[in-house]
Amino acid sequence: MLNPTKVKNDFPIFRRKIDGKEIIYLDNAATTQKPKSVIDAIKDYYENFNSNVHRGIYKLSEEATDMYEKARKNVSDFIGGNDQNGLVFVRNATEALNLLASSIGQSLKRDDEVLLTLMEHHSNIVPWQFLMGKGVKIKYADLKEDGTLNMEDFTSKITQHTKVVSVTHVSNVLGTINDAKELARISHEKEATFILDGAQSVPHMPVDVKDIDCDYVAFSGHKMLGPMGIGGLYGKPDLLSKLPPYMGGGEMINTVTTEGSTWADIPLKFEAGTPNVADAIGLSAAVDYLKNIGMKEVRKHESEMILYAFQEEKYMENLKSFGPRSLHLRGGVYSFNIGDIPSFNIQRELEANSIRISRASMHPHDVASEIDKEGIAIRSGHHCAMPLMARLDVQATARASFYIYNSKEEIDKLFIGLQNATARFGH
Amino acid sequence: MLNPTKVKNDFPIFRRKIDGKEIIYLDNAATTQKPKSVIDAIKDYYENFNSNVHRGIYKLSEEATDMYEKARKNVSDFIGGNDQNGLVFVRNATEALNLLASSIGQSLKRDDEVLLTLMEHHSNIVPWQFLMGKGVKIKYADLKEDGTLNMEDFTSKITQHTKVVSVTHVSNVLGTINDAKELARISHEKEATFILDGAQSVPHMPVDVKDIDCDYVAFSGHKMLGPMGIGGLYGKPDLLSKLPPYMGGGEMINTVTTEGSTWADIPLKFEAGTPNVADAIGLSAAVDYLKNIGMKEVRKHESEMILYAFQEEKYMENLKSFGPRSLHLRGGVYSFNIGDIPSFNIQRELEANSIRISRASMHPHDVASEIDKEGIAIRSGHHCAMPLMARLDVQATARASFYIYNSKEEIDKLFIGLQNATARFGH
Amino acid sequence: MSEDIAYEVMMDHYRNPHNYGTIENATNRITEYNPICGDTVHLEMIINEGRIEDIKFVGRGCSISQASASILTETVKGKSISSLNDLTDQKYLMDLGVSLGPARERCALLSLNALRKAIAGDGTAP
Amino acid sequence: MSEDIAYEVMMDHYRNPHNYGTIENATNRITEYNPICGDTVHLEMIINEGRIEDIKFVGRGCSISQASASILTETVKGKSISSLNDLTDQKYLMDLGVSLGPARERCALLSLNALRKAIAGDGTAP
Ligand SMILES: Cc1ncc(COP(=O)(O)O)c(C=O)c1O
Ligand SMILES: Cc1ncc(COP(=O)(O)O)c(C=O)c1O
């Protein structure tokens, strides 16, 4: 069984104390901390192997190329890809989704439809909205009151015009785990391309692209113990091969003349310019770390953490938490508010005839600020999911998100911190 | 005066020996090695400050945001920007140029013209070629026989249809230093946007965007002692503010609704998704390292290196080197061939009636391979500049490119290595 | 004023905001929004002969953003627009008297930015 | 065969290539190009009843790519196309008998890839 306190020892940052207090880091949906092995991998690369890949005939470059391509295979294997050429290194999930929206978008026409959901991160909304200029329609499948996807609404919104379905695997606000396999099946039935935003699933549970049968998956290294500046776009190789390139430049070409150019094979076709070799190797080290723990263990630990939060939240007056209560539909993301924090609406505010911060309410920023004083890092705000905030009719939420180094004791401290904060605030 | 042997001590990689031999690294135009201070800055960030920036209310995130924005200011100052909001962090020069071609491209129409030169890197060609589909014309200013830009040809090709001029500051093959200030002046006279590809200049000489009066500059961190995965796009703030965004997602928005979105102010408008904070801080450390040496000293050292190569090459029979001979027009890039390596042409090959590798010729790959055996790393190939190769009528060249840790003794070893290689090869 | 007292003053403004509401015959109105967190401040004012004759706000957000809106309306009511030139971000934050982190400073400055925009005519009116 | 001898054999092929030239009545032709370095190999061949009756090449590139083209033509001339299935990249590299780095392996495999493509009909003919 995963022992978070032991795991924590592998992460140098937790040696640090801020104002004499240990760091309780509960913002893992935003970014995760890095184990020593990842930091060492980057350092080792720069100290012993650094050079440009793919084109050098000298030893350093051959070694670096070899390490880079082994990192690709390792990351590809991790998500169940059976052809490493289907794994494109990108900066982050955002770039992966922009690449897809732009390259797939080239073949979309007026009145073609893209189906998203109301729980998407901005990174899986805005790139598709860029296509609205040429008449592509963006639809959003609704949620049910329990925070799960409304499958009836989803099914009714997918039509013969739907060319792309792009859905988050796990909501970064609600923690909702969507049934990726079923969504892929329905999408393919309608001959739509199915894209999975894996930014919140690949780091937290076993993900097998073959089993899900998704066409593309986007994810970020920094959310899975890896370095910033590196992420993955997986695509079925035959689809990727047909997709037009996104950026142009070195590496991605076959020939360039003044008249025009031809493209390299995948994955290089999508990796224009000098790649981020060091961080790809760092990501591969992160994958090794996670494999060593086992993704089933990671998932189990986070389930236990959420269950524990469900148990402890009862003692907090006025706390409202969001998202599904069934553990098998729920990742390790815990959004909550102290009292009601409805979205802004002048009429409504005026009717209430005052700021109406009844003593029972505490704005999530104030929550985050107050418990930061006790060394606990949580997030507050819209979590880059404004359409979801509008749907939930909240202005913002506070969010604690768990990972392998978080323990039940830390959840205890979170709730004690909240008790103290509301007490300080409430009078 | 810069002492390359002392400088070398700051670079951990040079402690390594390959097959018992010291590393002589002469592929600096491809990527540069990293000083300890840069590697330490990345390590320190991950060990003490790692978190997501701009949105966290807790201490770690505030510190990280502060470090990230200070890095931005430091890099912006380094190139003479007087408003740090004009500095967008990107992955590399390639991404910067793609961003510009895509975002500026949105307002380009059929028969608008983009003027490049025949010495551009693929990264400053292919992104513009993407616009040919909608009828934008790409023109290429020619070179003179000495490897400098043909200014008459340039001036004749810039017309009232020219909306964009994008030119490399220093050629990564010929070493040619273009007169950026004059090119900017001519471009602005014709009301064209002037873009400078600074990938080979920002690392190697003082660059002042105000003095040049360029509208945009692209450069890569990894070519200036910084980490991979980070680079800069500088833009005049008023121009950047008007430019439509490139990628969509977190950070770059102001509001997102299901109906559409509005954008954040610069520079965040162009930084969609979680930025590469660690490597931005690493780049800032690289800038500190370079500032400490002084960019004039860097430039002077490389001039001396080129001059020394010019002196020593005389003793190599059959060696032909490329690029301008005047030191003030010449950066530290030294491309050469042993004998003639013309580009492939069946007719020509057949007339010669054999491979015709006269004993006097040695293909640049063979050159690179042979001297790699002596621990010397140089590049061979088309250097991502195929149109230039076609213009020079060479299939490929060998290239040694110098930086602050290279010494005259290393140039001696390069030429001795070449002597030995041709001797081994020639019979 | 010690920082503790300044903080208590702010919390007081938050719990019992001054100038809360709307103005029927406002000359300038604006809704300003902090994209990083969603805090919102809506300002209405009557500007007459270069003077802010009246100003009210409606808002929703954290204690800092709402307290600051209340304090700001108190501060500028009756003042001439030209006098606002002296009210820089830094001065305003200093006057508040509490040390906020960079993230919370943005909360505090939300209403001041809104005011500047409304005066510059970016808001809707009447 | 020791690696030194194998290397000498290759260099010999490079300096004195076999089957250099073109074939007037070729059934399959292809020009293959290594995008990483620009090495080029042009193959012409007569394929008749599933057999490579004749094959020649013209090329320009490094010693490895050109020697390999010469050796390949020697190896496959007169062979049936179906026998090529057994000639995997790995086997071919092993047969060459010299250990090349990954970058140079691509040089060595250029002509074999060209051959496969030409047979699959990717080339131009006649
Ligand atoms: C569901 C989801 N998708 C996409 C992203 C974007 O990730 P990144 O900022 O690393 O590109 C995030 C992270 O915030 C996320 O939670
Ligand atoms: C002149 C020039 N422009 C652009 C680039 C592209 O740089 P990067 O691969 O770091 O994007 C290079 C580097 O190879 C270059 O030399």
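Computed from the coordinates by the stated procedures, all read-outs in this text should not be read as laboratory data. Because the structure is a prediction, the values reported are computed rather than measured. Here the Cβ positions follow ideal geometry from the backbone for every residue, glycine too, while neighbour counts run over all protein chains shown.
At a glance:
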item: Failed criterion for A:Glu271 (all others in (1) within 16 Å of ligand 2 (Cβ to nearest atom); (2) touching a helix residue (DSSP H, G or I) at 6+ places or on another chain (Cβ under 8 Å); (3) facing chain B (nearest Cβ under 10 Å) hold); result: (2)
item: Count - residues of segment A:231-242 that are away from ligand 1 (no atom under 16 Å from the Cβ) and either in contact (Cβ under 8 Å) with a residue 12 or more places away in the chain or under 23 Å from A:His328 (Cα atoms) (or both); result: 6
item: Options B:Ala141, B:Ala93: the member that is within 28 Å of A:Phe89 (Cα to Cα) and of a type in the set (A, V, I, L, M, F, W, C); result: B:Ala93
item: Filter result for B:Ile281 (of a type in the set (A, V, I, L, M, F, W, C), buried (at least 24 other Cβ atoms within 10 Å of the Cβ) and within 16 Å of ligand 2 (Cβ to nearest atom)); result: no
item: Check on A:Asp66, away from ligand 2 (no atom under 16 Å from the Cβ) and touching a residue at least 12 places away in the same chain (Cβ under 8 Å); result: no
item: Test set (1) closer than 30 Å to B:Tyr289 by Cα; (2) surrounded by 15 or more Cβ atoms within 10 Å (Cβ to Cβ) - B:Phe310 fails condition number; result: (2)
item: When residues of segment A:206-230 are limited to those that are in a helix (DSSP H, G or I) and within 13 Å of ligand 1 (Cβ to nearest atom), the one nearest to the chain's Cα centre (by Cα); result: A:Lys223
item: Conditions (1) in a helix (DSSP H, G or I); (2) of a type in the set (D, E, K, R); (3) in contact with a Leu (Cβ under 7 Å, 6 or more places away or on another chain); number of the one not met by D:Asp4; result: (3)
item: Elements of type helices (runs of 4 or more DSSP H) contained in segment D:13-126, each with 1 or more residues being of a type in the set (Gly, Ala, Ser), more than 12 Å from every other protein chain (Cβ to nearest Cβ) and buried (at least 20 other Cβ atoms within 10 Å of the Cβ); result: D:63-76, D:102-120
item: Conditions (1) touching a residue at least 60 places away in the same chain (Cβ under 8 Å); (2) assigned to a helix (DSSP H, G or I); (3) within 16 Å of ligand 1 (Cβ to nearest atom): number failed by B:Lys269; result: (1)
item: Flag for D:Ile5 being farther than 30 Å from A:Gly250 by Cβ, β-branched (Val, Ile, Thr) and surrounded by fewer than 18 Cβ atoms within 10 Å (Cβ to Cβ); result: yes
item: Inter-residue pairs, beta-carbon under 6 Å, first more than 8 Å from chain A (Cβ to nearest Cβ) and in segment B:19-35, second within 16 Å of ligand 1 (Cβ to nearest atom), 6+ apart; result: none
item: Residue that is free of Cβ contacts under 8 Å to residues at least 60 places away in the same chain, within 11 Å of chain B (Cβ to nearest Cβ) and either polar (S, T, N, Q) or touching a helix residue (DSSP H, G or I) at 6+ places or on another chain (Cβ under 8 Å) (or both), where the choices are A:Asn48, A:Asn3, A:Asn52, A:Asn9; result: A:Asn48
item: Residues of segment A:275-295 satisfying the condition of being assigned to a helix (DSSP H, G or I) and either closer than 16 Å to A:Val90 by Cβ or under 18 Å from the mean Cα position of the chain (by Cα) (or both); result: A:Val277, A:Ala278, A:Asp279, A:Ala280, A:Ile281, A:Gly282, A:Leu283, A:Ser284, A:Ala286, A:Val287, A:Leu290, A:Met295
item: Residue that is away from ligand 1 (no atom under 16 Å from the Cβ), more than 12 Å from every other protein chain (Cβ to nearest Cβ) and within 23 Å of B:Leu243 (Cα to Cα), where the choices are B:Asp146, B:Asp112; result: B:Asp112
item: Neighbours by Cβ (under 6 Å, 6+ apart or cross-chain): first from segment A:248-263, free of Cβ contacts under 8 Å to residues at least 12 places away in the same chain and facing chain B (nearest Cβ under 7 Å); second assigned to a strand (DSSP E or B) and not aliphatic (A, V, I, L, M); result: A:Ile253/A:Ser261; A:Thr255/A:Thr262; A:Thr258/B:Tyr140
item: Hits in segment A:304-343 - residues which are touching a helix residue (DSSP H, G or I) at 6+ places or on another chain (Cβ under 6 Å), in a helix (DSSP H, G or I) and over 17 Å from A:Leu414 (Cα atoms); result: A:Leu327
item: Scan of segment D:1-49 for residues that are of a type in the set (Gly, Ala, Ser) and in contact (Cβ under 8 Å) with a residue 12 or more places away in the chain, ordered by number; result: D:Ala6, D:Gly21, D:Ala26, D:Gly38
item: Tally, over segment A:247-266, of residues that are within 16 Å of ligand 2 (Cβ to nearest atom) and in a loop (DSSP other than H, G, I, E, B); result: 7
item: Residues (surrounded by 24 or more Cβ atoms within 10 Å (Cβ to Cβ), over 26 Å from A:Glu259 (Cα atoms) and hydrophobic (A, V, I, L, M, F, W, C)) located in segment B:364-391; result: B:Val367, B:Ala368, B:Ile371, B:Ile376, B:Ile378
item: In segment A:213-246, residue farthest from the other protein chains (Cβ to nearest Cβ) [restricted to those that are closer than 21 Å to A:Thr65 by Cα and within 16 Å of ligand 2 (Cβ to nearest atom)]; result: A:Ile230
